[in-house]
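Just below is one structure, and these are the notes that go with it.
All of the numbers you see were taken from the coordinates with simple rules; none came from a lab. All of these numbers come straight from a predicted model, not from anything done at the bench. Here Cβ is always computed from backbone atoms with ideal geometry, including for glycine, and neighbour counts include all displayed protein chains.
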Amino acid sequence: MEYVFKKLPTIKAQLQKSRFVLLLDFDLTLSPLVKNPAKAILPKDTKIILKGLLRHILIAVISGRKLEGIKRRVNIPGIIYAGNHGLEYEMNGVIKNTLISNTSHAGLKVVKGKFLKLKRKYNGIFIEDKKTILALHYRSVTSKDKPLLLKNLKEINVLLGKYRLLGVLYKKTFEVRPTSKKDKGTISLFIIKKMHDPKNLIYIGDGRTDEDAFVALERNGITIRVGKNNKSKAKWYLRNQKEVNKFLRWLLNLLNHRDKSFR
Ligand SMILES: [Mg+2]
């Protein structure tokens with residue numbers, strides 16, 4: 001992994017070769033860390049930079065959140081939005097959903113019941129129902145309760161297969177979603193195809209679900225992870241979420257000083 005700010009000329013050279021698009025994760029990439037994920041926001045200065053960038057290039061925000069939630073939080077017309085890791089997306093004002101099977105639907109109901117039970121059992125659990133995805137956040141659960149909770153989550157995880165559901169544990173969140181092929185990688189490839197296959201792209205993300213995109217976009221993407229992690233498939237890294245802003249500002253400056261439009 002290479003540090004973005006150490007090799008800006010390399011990135012600049014690559015971007016100047018051809019048209020490019022910008023794909024962005026939301027939580028902990030565009031939005032700073034908050035205790036309660038319901039309170040995550042897009043900082044004002046980031047919003048201004050994104051609006052500026054949108055005058056030059058196409059931008060997509062790809063999130064694990066519900067489509068409606070991610071749209072409301074970013075709230076910039078003209079951006080392509082994908083929610084639930086691509087299970088739903090909005091492009092050019094048209095909203096599309098990937099339908100999930102009845103089996104998975106029934107499974108999500110069962111899981112929600114189990115999550116609610118855990119919520120009653122332990123303090124500090126926050127459940128997010130994103131219709132096609134369920135998330136149980138346990139950042140605020142005491143360290144004393146955590147081992148037992150994790151054991152309970154593992155028990156739930158074992159049940160998921162028969163409902164064609166998949167459980168992912170990351171960053172103090174246990175997420176359950178249908179084992180459909182939609183992930184941040186497939187939706188990224190789909191979106192760039194719709195963007196007429198630009199030769200170049202930048203993808204910035206911080207989490208485990210972004211790894212699907214890092215892998216899918218390996219060939220021609222400038223894949224950037226927020227936070228260095230040598231296990232990541234991203235080629236580049238930024239040290240923290242604050243540096244995302246700094247990088248986007250640099251990008252805007254680069255585009256503002258370029259004559260031709262790269263849309
Ligand atoms: Mg994230």
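Shape call for the range 40-134 from the C-alpha gyration tensor, a ≥ b ≥ c root eigenvalues: rounded (a/c under 1.5), prolate (a/b greater than b/c) or oblate? Oblate shape, in that a/c is at least 1.5 and b/c is the bigger or equal ratio.
Test of understanding: ordering Thr179, Thr46 by Cβ neighbours within 10 Å, fewest first, what list do you get?
Details: Thr179 14, Thr46 21.
Ranking Thr179, Thr46 by Cβ neighbours within 10 Å, fewest first, gives Thr179, Thr46.
Could you sort the peptides 154-162, 233-241 by per-residue average Cβ neighbour count (10 Å cutoff), highest mean leading? Walk me through the numbers on the way to the answer.
Values: 154-162: 13.8, 233-241: 20.1.
Packing proxy ranking, top to bottom: 233-241, 154-162.
For Lys154, the aspartates and glutamates whose Cα comes closer than 17 Å to its Cα, not counting residues fewer than 8 places off in the same chain, are Asp145, Glu175.
Packing order of peptides 211-223, 112-124, 20-32, highest average first: 20-32, 211-223, 112-124 (average count of other Cβ atoms within 10 Å over each peptide's residues).
Which loop-located trypsin sites (Lys or Arg not before Pro) does the range 27-102 contain, where loop means any DSSP state but H, G, I, E or B and the Cβ has at most 16 other Cβ atoms within 10 Å? Don't skip to the end; give the middle numbers.
Values: sites: Lys35, Lys39, Lys44, Lys47, Lys51, Arg55, Arg65, Lys66, Lys71, Arg72, Arg73, Lys96; in loops: Lys35, Arg55, Arg65, Lys66.
Loop-located and lightly packed - Lys35, Arg55.
Compared with the dominant Cα axis of the chain, that is its longest principal axis, helix 241-256 is turned about 30°.
Rounded, prolate or oblate: which fits the chain when a ≥ b ≥ c are the square roots of the eigenvalues of the alpha-carbon gyration tensor, with rounded for a/c under 1.5 and prolate only if a/b beats b/c? Intermediate results must be reported in sequence, preceding the final value.
On the way: a/c = 2.04, a/b = 1.71, b/c = 1.19.
Prolate.
Kindly flag which residue pairs out of Lys194/Lys242; Lys12/Lys131; Lys66/Lys146; Lys193/Lys246; Lys66/Lys199; Lys12/Lys39 have an alpha-carbon separation exceeding 32 Å in this structure. Show your work: numbers first, answer last.
Numbers: Lys194/Lys242 30 Å; Lys12/Lys131 41 Å; Lys66/Lys146 27 Å; Lys193/Lys246 28 Å; Lys66/Lys199 29 Å; Lys12/Lys39 35 Å.
Over 32 Å apart, Cα to Cα: Lys12/Lys131; Lys12/Lys39.
Once backbone amide H atoms are built at 1.01 Å from N, Lys66 has Asn84 as its partners under 5 Å, excluding neighbours fewer than 5 places away on the same chain.
For Leu23, nonlocal amide neighbours, meaning residues 5 or more places apart or on other chains whose placed amide H falls under 5 Å from its own, are Ala60, Ile202, Tyr203, Ile204.
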